[in-house]
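Everything on this sheet refers to the single structure shown next.
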Amino acid sequence: MDITVIIPVKDRRDHIGKTLDSILKSGIAPKEVIIVDNESTDGTYQFCEQYIKNRPHTTLLRETFPGAAAARNKGLKSCKTEWVYFFDSDDTFDYNFMSTFHNANVEGYDMIAIPTRRVTKGKTSVRTYIPSEDPRVQILGDVLGTQNMLFRTDFLKSIGAWNIACRTWDDWELGLRVMLHQPKILWFKEKAFHEIITHENSVMGDNFSQNYKQLIRTLTAAINDLQSSILQPLSHYHAQHLACLYPHLNLLMYPLYLRTCILLGHMQNEKMTGKCLKFKMASKALTIFRNDNFTPTFSQKVVGNSLRIYTMLGGKNAWKIALKISQDKSSRRP
């Protein structure tokens, strides 16, 4: 099983060396490692240029379009292996990851889903991982993050690869699009891999207000253009077999609405706790639903507002509550 690992990097001069060491010194090295510099200004490119010297099967590229999604797509275009895996530039690769899947029986699968570990302020925990192909689980639970997805290269290209319009939550958007195409997924459950480091500049670190505009842009891409975004571009196979696409798009607008309410609650909590002193009320986030795609009922608005207030006051795991509600048949709209 040949795998290429692609790493987008921007201004990670002090971190990328450790990440590359963990990948290249793992039990079995990837077939190829592609590093894509995204206009770094701190010497990252020059560091990587020196690092890959005398290291076979490593490539350094440049991408001028901003955003990790564009950098990942640049690497994907150069990928020659049957499988491709994306990794971030400040995380630690698990020593046994490659050896675990080297001889795996993956015939017929489009993707392997993998549990990962999260490191926050020195504490390690398993990142949320729910083996489910229900798109609502991805919408509310963020089950498929960047390092949770090992793709068959042709499949990823066929569904349009990474969405360059998404500057953050691009892995969430891709994970949702993957689910909507109903691939055959091998859900690995035996152990969690890697150390995914959260820090003050990451959305995973719960700094929602700082990334507000980009978060709303990604939500808008998923909401306003939900159907067109999964139908275009289509591979030849998908064009001939539309039945492979998730048939119940109307059921997804409500969980997307609840996700937006929870996001708003997070940002309002940041204002209340003084984490974002200049933050203005972000209720405009909900205006993206004021169109013909979806108009929440009175009861759905009550639920959404309750989740917003609960999150604003510091309540935890609102997404679990929202997921249970959205999967309840009584909450589905005809």
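We did not get these values from a lab; they are worked out from the coordinates using the rules stated. On a predicted model such as this, the values are computed, not experimentally measured, just so you know. With ideal geometry, Cβ positions are generated from the backbone for all residues, glycine too; neighbour counts draw on all protein chains shown.
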Using a basic spin-label model with each label point 7 Å from the Cα along Cα→Cβ, how many nm lie between D14 and I309? 4.4 nm
Residues of the range 26-53 with backbone nitrogen within less than 17 Å of a virtual label 7 Å along the Cα-to-Cβ line of E82, please, listed as ranges. 30-32
Looking at the range 112-177 from every direction and averaging, what is the projected area of its Cα convex hull in nm²? 5.0 nm²
Taking θ as phi - 60°, what are the ³J(HN,Hα) couplings along the range 44-55 by the Karplus curve (6.51, -1.76, 1.60), each to the nearest whole Hz, with x for Gly and Pro? 4, 4, 5, 4, 5, 4, 6, 4, 7, 4, 6, 10
³J(HN,Hα) across the range 303-308 via Karplus (A = 6.51, B = -1.76, C = 1.60, θ = phi - 60°), whole Hz, x for Gly/Pro? 4, x, 5, 5, 5, 4
For V36, distant residues with modelled amide H under 5 Å away: I7, V9, L61
Please compute, for the alpha-carbon atoms of the range 57-126, the extent along each of the three principal axes and give them in descending order in Å. 38, 35, 22
For I197, list long-range residues whose amide hydrogen, built 1.01 Å from N in the peptide plane, is under 5 Å from its own amide hydrogen. T92, V119
How would you classify the range 90-149 from its alpha-carbon gyration tensor, with a ≥ b ≥ c the square roots of the eigenvalues: rounded for a/c under 1.5, else prolate if a/b is greater than b/c, otherwise oblate? oblate
Return the sequence-ordered ³J(HN,Hα) values of the range 21-37 in whole Hz as given by the Karplus equation 6.51 cos²θ - 1.76 cosθ + 1.60 applied to θ = phi - 60°, using x for Gly and Pro. 4, 5, 7, 6, 9, 6, x, 10, 6, x, 4, 8, 10, 10, 9, 10, 7
